[in-house]
Amino acid sequence: MSFFAKLRDSFGKARETLSGVQALGRARKPITSEVWDELEELLLLADFGVPTTEKIVGGLKTVAKQELWRTSDQIVARFQKDVERFLTLPDPELNAGNPPAVVLVVGVNGSGKTTTIGKLATKLRAQRKRVLLVAADTFRAAAAEQLAIWAERSGADFVRGKEGADPASVVFDGMQAGKARNADVILVDTAGRLQTKTNLMEELKKMRRIIERETGGPPAETLLVLDGTTGQNAISQAKLFNEATALTGVVVTKLDSTAKGGVLVAIVDTLEIPIKFVGLGESADALRPFVPSEFIDALFENSGTF
C-alpha cells in the first residue's frame, strides 16, 4: 500500500465527519445562520477545537460578505483552501545543517519519541550523515535499550548514562561525544515527562541550556512528538512543552482510523509551528515529511469537487 493510501485510510473517521462538510457544499444551500451553525458543528466534531473553528468560520463569514457569496458550495470550496493555508508554514523541513545539529525530541509517555528518533536516524544515515543518538531518558532502562537497538540498526553512534542518572549530565556527555566524533546530527531522546510536572519541565530547560552552552546556540530543532489519537489533549501538551522549550516543529505519530485529523490544524493554528513529519506505522519508512496538500487530499473525498 502506498504512503498516500495509508494516510487516506488513517483519516477514515475524520473523512466520515467531514463528508458532512462536503455534503453541505454539494447541497448549494442559500447561506443562512443555520448553514454557519452546521459548518461549525461539523468542524468541532472533527476535532478542530473551539478557538480554531471560530477563527476559520469567522474568516469565512468575512470573505462571504466581501465577495457576496450566495450558496454553501462557495463556503466549502474556500474552506478547503483555507485549511491547506493554515497548515503551510515556513521551515517545514528538518533543519540538520551546521554540524553538530542538535535535535531535541520531547513528548509525554507513549507518544512514540524513541521510535521517531530511530526512524529519523535511519533517514539521516541514508543521507550519509554521521548521527549520534543520546539516551537522556534515564528513568526507563527500556527506553535506552530501545534506542540502542535503533542505533545499531541504523548505523548511528550511541551515548547513554546509568539508569537514574541526571539526564542533563547525559546530554552534556552527548554533546562532548558529538563534537569528538564529528557528528553531523545529534538526536537527543528525553523522558516521557508529564506536562503537569513542573520539576520535569525545569529539567528540560536545563538540558536546553547545556546544549546552548556546549554548541554555542539553541538546538537546531526541538521537536514535539504527539500521539495523533489523543485529540484535543494534544493541544494542551503542545502549549505546555512550548512554554518549557521553544518548539520548532511537531511530529504526529499513531495516525490510525481513530484520529480525527482536525487536531493537526488546531495544533498549527495554536502554536504557529509546522508539522514536520507524520507517522503511520512501525517501519523505518513509515515516518514521512508532512505535506499539507497530501493531507487535504486524504482528508476530503474527491477533494475540490462537490
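The values are calculated or read from the model by the stated rules, or taken from the named source; none is laboratory data. Model, not experiment: these values are computed from the prediction. Every residue, glycine among them, receives a Cβ derived from its backbone with ideal geometry; neighbour counts consider all protein chains shown.
Return the residues of the range 57-81 that are in contact (Cβ under 8 Å) with a residue 60 or more places away in the chain, of a type in the set (A, V, I, L, M, F, W, C) and under 20 Å from ALA266 (Cβ atoms); say none if nothing qualifies.
Correct list: VAL76 only.
Do you know which residues across the range 147-187 are closer than 22 Å to ALA220 by Cα, of a type in the set (Val, Ile, Thr) and either assigned to a helix (DSSP H, G or I) or touching a residue at least 40 places away in the same chain (Cβ under 8 Å) (or both)?
Listed by number, the residues that qualify are VAL170, VAL171, VAL185, ILE186.
Which of the numbered conditions does ASP189 fail, given that it passes all the others? Conditions: (1) at pLDDT 90 or above; (2) closer than 24 Å to ILE149 by Cβ; (3) of a type in the set (Asp, Glu); (4) out of contact with any helix residue (DSSP H, G or I) (no Cβ under 6 Å at 6 or more places or on another chain).
(4)
Tell me, yes or no, whether the range 8-26 has at least one residue that is at pLDDT 95 or above, of a type in the set (Ser, Thr, Tyr), over 25 Å from LEU223 (Cβ atoms) and surrounded by fewer than 17 Cβ atoms within 10 Å (Cβ to Cβ).
no
Filter the range 255-275 for residues that are in contact with a helix residue (DSSP H, G or I) (Cβ under 9 Å, 6 or more places away or on another chain) and of a type outside the set (A, V, I, L, M, F, W, C) and give the result.
ASP256, SER257, THR258, LYS260, GLY261, GLY262, ASP269, THR270, PRO274
Might you check whether a residue that is buried (at least 21 other Cβ atoms within 10 Å of the Cβ), of a type outside the set (Gly, Ala, Ser), more than 20 Å from the chain's Cα centre (by Cα) and within 22 Å of GLY279 (Cα to Cα) occurs anywhere in the range 116-131?
yes
Quick check: is even one residue across the range 142-155 under 16 Å from ILE211 (Cβ atoms), at pLDDT 90 or above and more than 25 Å from the chain's Cα centre (by Cα)?
No.
For the range 119-142, enumerate the residues that are of a type in the set (Gly, Ala, Ser) and either under 24 Å from ARG288 (Cβ atoms) or assigned to a loop (DSSP other than H, G, I, E, B) (or both).
Within the range 119-142, ALA121, ALA126, ALA136 qualify.
Only residues in the range 279-306 that are modelled with pLDDT of 80 or more count as the first member; pair them with residues that are assigned to a loop (DSSP other than H, G, I, E, B) and surrounded by fewer than 16 Cβ atoms within 10 Å (Cβ to Cβ), Cβ under 8 angstrom, at least 6 apart or cross-chain, and list the lot.
Sorted first by the residue in the range 279-306, then by its partner, the pairs are PRO289/GLU93; PRO292/THR88; ILE296/SER303; ASP297/SER303.
Please give the number of the condition GLY110 fails out of (1) farther than 20 Å from PHE241 by Cα; (2) within 15 Å of the chain's Cα centre (by Cα).
(1)
For the range 158-186, how many residues are touching a helix residue (DSSP H, G or I) at 6+ places or on another chain (Cβ under 6 Å) and either aliphatic (A, V, I, L, M) or surrounded by fewer than 16 Cβ atoms within 10 Å (Cβ to Cβ) (or both)?
7
Can you tell me which residue among PRO51, PRO90 is touching a Ser or Thr at 6+ places or on another chain (Cβ under 9 Å) and either modelled with pLDDT under 95 or surrounded by 17 or more Cβ atoms within 10 Å (Cβ to Cβ) (or both)?
Going through PRO51, PRO90 in turn, just one is touching a Ser or Thr at 6+ places or on another chain (Cβ under 9 Å) and either modelled with pLDDT under 95 or surrounded by 17 or more Cβ atoms within 10 Å (Cβ to Cβ) (or both): PRO51.
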